[in-house]
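Enquirer: What follows is a structure written as structure tokens; I'll ask about it next.
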Amino acid sequence: MPTVDIAPDELRDLTGHDEKSDDELIEDLFALGLEYEGETEEGEFELEFAPDRLDRLSVEGVARSLRYQYGDARGVYVPKTNSPDWTITVDESVPDERPYVTGAVVRDVNLDEDALDSLIQLQEKLHATMGRKRAKGAIGIHDMTMLKGSPATEGNPSVRYTGVEPDEDRFVPLDSDKDLTPGEVLEEHATGEKYADLVRDNDRYPAIYDDLGLFSFPPVINGRRTEVSEESRDLFVELTGTDQWTIDKMCVIICYALSARGGTIEEVTVEYPDGRPDGRDLVRPNLETKTKTVSHDRVETILGIDFDPEEVVDLAERAGLDAETGENEDGDLVYEMTIPPYRVDVLHPMDVIDDLGRAYGFNELEPRYPDVGTVGGRHERTRLEDAARTQLVGLGFEDLLNFHMINETENFSRMGLASGEEAFGAGESTTIKEPYSEDYTMLRTWVLPSLMMVLENNTHRAYPQDLAEIGFAARVDVEGEENTETGVDESRHVSAVLASHDAAYEDAKARLQALVRNFGGELETPATEHPTFIDGRTAAVVVDGEEVGVIGEVHPKVLVEHDLEVPVAAFEFDLESLA
């Protein structure tokens with residue numbers, strides 16, 4: 001889990017509670033979900049925090065949460081902003097790999113040594129978490145007294161976000177006395193070497209200019225000319241990245257932290273050229289609130305407490321939210337919860353209920369036995385899995401357990417399928433928005449691709465190789481089904497392969513027939529077509545009159561794709577059909 005270093009004296013100062021001892025602060029922080037992990041050499045608290053609460057990456061954010069907990073602050077707080085004076089103009093030459101920019105001006109900030117250290121820590125923690133090590137978003141903070149803006153379209157001073165050749169211009173980067181080109185920074189500067197892979201393959205590098213020249217080389221390093229110090233009072237904040245929402249939220253968190261240091265937020269206009277990325281100007285920072293609807297019944301059910309509506313509204317305000325009562329279409333009591341802009345973690349009503357529970361105090365909840373006494377035991381689904389697994393092993397299969405995650409190429413292309421076509425295993429996939437690896441970009445829609453990958457990796461082993469897996473598969477709900485509130489249909493599949501010099505459809509069907517009969521089911525295998533299998537040697541798996549899978553001999557194109565030189569017969573079907 002991520003950790004953040006917080007000076008206890010800073011907490012006492014920012015919360016206005018000088019009477020709090022270290023032990024009391026640690027106890028209060030634990031109630032917020034921040035666990036004390038020890039002290040640094042400088043006497044700072046080392047706190048482990050939930051990575052969803054990125055607004056608590058700084059002492060200012062933690063102090064804000066404590067003030068709500070102490071009752072010193074209530075409801076949603078949105079800093080007042082001044083109208084935009086500065087403009088960021090985006091040039092058409094900005095690299096396609098990093099097209100988005102946002103920013104803000106913060107004036108009259110009170111920066112001492114502690115505040116500057118906190119700002120630097122917040123910047124680096126945001127880089128490491130939300131910014132994905134600067135790949136998705138990177139922050140630059142500059143002393144405005146060292147900037148000279150060019151006249152913009154409306155007469156306001158402006159800076160320019162553009163693209164430059166690696167050796168097109170020169171500047172002095174932070175922690176250096178040498179005049180370097182962006183290309184030389186990547187080769188000769190320690191920070192440049194560390195983040196070189198983020199831009200090295202680009203034809204042009206991202207760069208930000210004022211009227212005096214290049215002063216920022218995102219996402220690598222800022223220029224020394226605009227370095228922030230304890231004497232800095234007016235700051236220019238700029239962020240670049242691959243996603244506008246991400247860098248906008250990172251900017252909001254920075255602005256809230258600087259506002260807590262007395263800063264006044266001033267908006268910035270971002271001018272995009274036509275078609276890049278959406279051809280419209282933006283005014284940033286984006287301090288808009290959002291709302292979530294939560295039912296009174298669900299609050300009481302989840303927390304196990306009977307509340308008056310006034311109590312729920314009070315808890316919401318003590319959690320830094322605003323709440324208004326209302327009714328839904330069925331006449332039930334609901335709350336419209338207003339969420340502050342720095343809360344990037346609130347995605348679902350359950351997140352709001354968690355806030356209400358913390359405001360109430362989880363230690364205040366009285367434990368009680370459930371109304372219905374139960375005895376622990378295996379879930380029926382687990383019993384079914386174990387029974388089916390035992391039968392498969394008895395039929396001569398080796399039991400496997402593969403990853404649930406896969407990529408589109410393995411799941412579809414190499415199996416002769418296309419996502420969304422009407423064939424077993426070809427449903428619309430559940431993809432990972434920001435995959436950590438190109439090997440794992442989605443949840444598999446069927447299990448057979450995993451078994452084929454195992455066969456591919458074991459061509460040096462002796463045959464026959466009879467493998468089976470009972471595993472997880474997922475697809476986006478088909479329109480009209482709406483099986484779950486998540487929109488994803490999750491299921492358990494039984495999949496098996498027989499690989500040998502004489503593997504055939506009849507061998508696979510014989511074992512499938514034995515498996516189904518052992519569970520008292522009736523199997524039918526009417527002929528069908530499937531891109532993964534050979535025409536004329538493929539059938540649908542129908543159990544008790546319901547089509548639940550497919551069986552056949554794997555197509556030679558799929559075998560060649562997996563470097564297999566022996567025939568493979570296979571089947572796959574939904575485990576629930578055996579229940």
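The values are calculated or read from the model by the stated rules, or taken from the named source; none is laboratory data. Just so we're clear, the structure is a prediction, and the values are computed from it rather than from any experiment. Every residue, glycine among them, receives a Cβ derived from its backbone with ideal geometry; neighbour counts consider all protein chains shown. Ligands, DNA and RNA are excluded from the accessible area calculation, which covers all protein heavy atoms including side chains. Shrake-Rupley method; radii C 1.70, N 1.55, O 1.52, S 1.80 Å.
Enquirer: Quick one: how many residues across the range 418-431 are in a loop (DSSP other than H, G, I, E, B) and open to solvent by 60 Å² or more (accessible area, probe 1.4 Å)?
Expert: 4
Enquirer: Restricting to the range 323-375, name every residue that is among the aliphatic types (A, V, I, L, M), in contact with a strand residue (DSSP E or B) (Cβ under 7 Å, 6 or more places away or on another chain) and part of a loop (DSSP other than H, G, I, E, B).
Expert: V346
Enquirer: Give the residues of the range 67-84 that are without any contact (Cβ under 8 Å) to a residue 60 or more places away in the chain, outside any loop (DSSP other than H, G, I, E, B) and surrounded by fewer than 16 Cβ atoms within 10 Å (Cβ to Cβ), sorted by residue number.
Expert: Y70, the sole residue that qualifies.
Enquirer: May I ask you to say which residue of L174, L198, L186 is in contact with a helix residue (DSSP H, G or I) (Cβ under 8 Å, 6 or more places away or on another chain), of a type outside the set (K, R) and within 28 Å of T269 (Cα to Cα)?
Expert: Of L174, L198, L186, the one residue that is in contact with a helix residue (DSSP H, G or I) (Cβ under 8 Å, 6 or more places away or on another chain), of a type outside the set (K, R) and within 28 Å of T269 (Cα to Cα) is L174.
Enquirer: For residues that are in a loop (DSSP other than H, G, I, E, B), in contact (Cβ under 8 Å) with a residue 24 or more places away in the chain and within 33 Å of the chain's Cα centre (by Cα), tally how many sit in the range 376-409.
Expert: Of the residues in that region, 6 qualify.
Enquirer: Name the pairs: first residue in the range 471-495 and within 17 Å of F424 (Cβ to Cβ), second residue basic (K, R) and at pLDDT 80 or above, Cβ to Cβ under 6 Å, at least 6 apart or on different chains?
Expert: Taking only residues 6 or more apart or on different chains, the pairs are A473/R444; D489/R475.
Enquirer: Please work out which one of (1) closer than 18 Å to S413 by Cβ; (2) open to solvent by less than 30 Å² (accessible area, probe 1.4 Å) is the condition I551 fails and give its number.
Expert: Result: I551 passes all but (1).
Enquirer: Of everything in the range 516-538 that's under 43 Å from the mean Cα position of the chain (by Cα) and over 21 Å from G425 (Cα atoms), which residue is least open to solvent (accessible area, probe 1.4 Å)?
Expert: G521
Enquirer: Shifting gears a bit: Identify all residues within the range 182-192 that are open to solvent by less than 70 Å² (accessible area, probe 1.4 Å), in a helix (DSSP H, G or I) and over 18 Å from R132 (Cα atoms); write none if there are none.
Expert: P182, G183, E184, V185, L186
Enquirer: Restricting to the range 431-469, name every residue that is more than 28 Å from the chain's Cα centre (by Cα) and β-branched (V, I, T).
Expert: V454, T459
Enquirer: Next up: Quick check: is even one residue across the range 153-160 closer than 14 Å to D210 by Cα, open to solvent by less than 30 Å² (accessible area, probe 1.4 Å) and small (G, A, S)?
Expert: yes
Enquirer: While we're here: Looking at D197, D210, which one is without any contact (Cβ under 8 Å) to a residue 12 or more places away in the chain and within 26 Å of E92 (Cα to Cα)?
Expert: Only one candidate passes the filter, namely D197.
Enquirer: Condition check: open to solvent by less than 70 Å² (accessible area, probe 1.4 Å), of a type in the set (S, T, Y), in a loop (DSSP other than H, G, I, E, B) and closer than 20 Å to G549 by Cα. Does T445 satisfy that?
Expert: The answer is yes for T445.
Enquirer: Something else about it: Collect the residues in the range 11-31 that are open to solvent by 20 Å² or more (accessible area, probe 1.4 Å) and either hydroxyl-bearing (S, T, Y) or in contact (Cβ under 8 Å) with a residue 60 or more places away in the chain (or both), keeping them in residue-number order.
Expert: L14, S21, A31, listed by residue number.
Enquirer: Among the numbered criteria (1) over 27 Å from the mean Cα position of the chain (by Cα); (2) surrounded by 14 or more Cβ atoms within 10 Å (Cβ to Cβ); (3) more than 30 Å from G263 (Cα to Cα), which single criterion is violated by V299?
Expert: Failed condition: (1).
Enquirer: Check D502 against each of (1) open to solvent by 70 Å² or more (accessible area, probe 1.4 Å); (2) out of contact with any Pro (no Cβ under 9 Å at 6 or more places or on another chain); (3) more than 23 Å from S419 (Cα to Cα) and name the one condition it does not meet.
Expert: The one condition D502 does not meet is (2).
Enquirer: When the range 304-317 is examined, which residues are found to be open to solvent by 50 Å² or more (accessible area, probe 1.4 Å) and closer than 16 Å to V346 by Cα?
Expert: The one that is open to solvent by 50 Å² or more (accessible area, probe 1.4 Å) and closer than 16 Å to V346 by Cα: E317.
Enquirer: Checking S495 against (1) of a type outside the set (D, E); (2) in a strand (DSSP E or B); (3) exposed (fewer than 14 other Cβ atoms within 10 Å of the Cβ); (4) within 40 Å of the chain's Cα centre (by Cα), only one condition comes out false. Which one?
Expert: That leaves (3) as the condition not met.
Enquirer: Restricting to the range 238-247, name every residue that is under 29 Å from T15 (Cα atoms) and surrounded by fewer than 24 Cβ atoms within 10 Å (Cβ to Cβ).
Expert: Matches in the range 238-247: T246 only.
Enquirer: Residues to consider are T87, T102; find the one that is part of a strand (DSSP E or B) and either of a type in the set (F, W, Y) or over 27 Å from the mean Cα position of the chain (by Cα) (or both).
Expert: So the residue among T87, T102 that is part of a strand (DSSP E or B) and either of a type in the set (F, W, Y) or over 27 Å from the mean Cα position of the chain (by Cα) (or both) is T87.
Enquirer: Does R318 satisfy the criteria of being basic (K, R) and either more than 30 Å from T240 (Cβ to Cβ) or in contact with a Lys or Arg (Cβ under 8 Å, 6 or more places away or on another chain) (or both)?
Expert: So R318 fits the description; yes.
Enquirer: Criterion first (without any contact (Cβ under 8 Å) to a residue 60 or more places away in the chain and of a type in the set (V, I, T)) does V101 satisfy it?
Expert: Here the answer is no, as V101 does not meet what is asked.
Enquirer: I've got another one for you. Assuming R64 fulfils every condition listed in (1) among the charged types (D, E, K, R); (2) assigned to a helix (DSSP H, G or I); (3) open to solvent by 40 Å² or more (accessible area, probe 1.4 Å) apart from one, which condition is it?
Expert: For R64, the failing item is (3).
Enquirer: Need the failing condition index for R475 against (1) of a type outside the set (V, I, T); (2) in a loop (DSSP other than H, G, I, E, B); (3) under 29 Å from the mean Cα position of the chain (by Cα), just the number.
Expert: Here R475 clears every test but (2).
Enquirer: For residues in the range 342-378 being modelled with pLDDT of 90 or more and aliphatic (A, V, I, L, M), which is most open to solvent (accessible area, probe 1.4 Å)?
Expert: The extreme case among them is M350.
Enquirer: Among the listed residues R134, R170, identify the single one that is open to solvent by 70 Å² or more (accessible area, probe 1.4 Å) and either in contact (Cβ under 8 Å) with a residue 40 or more places away in the chain or charged (D, E, K, R) (or both).
Expert: R170
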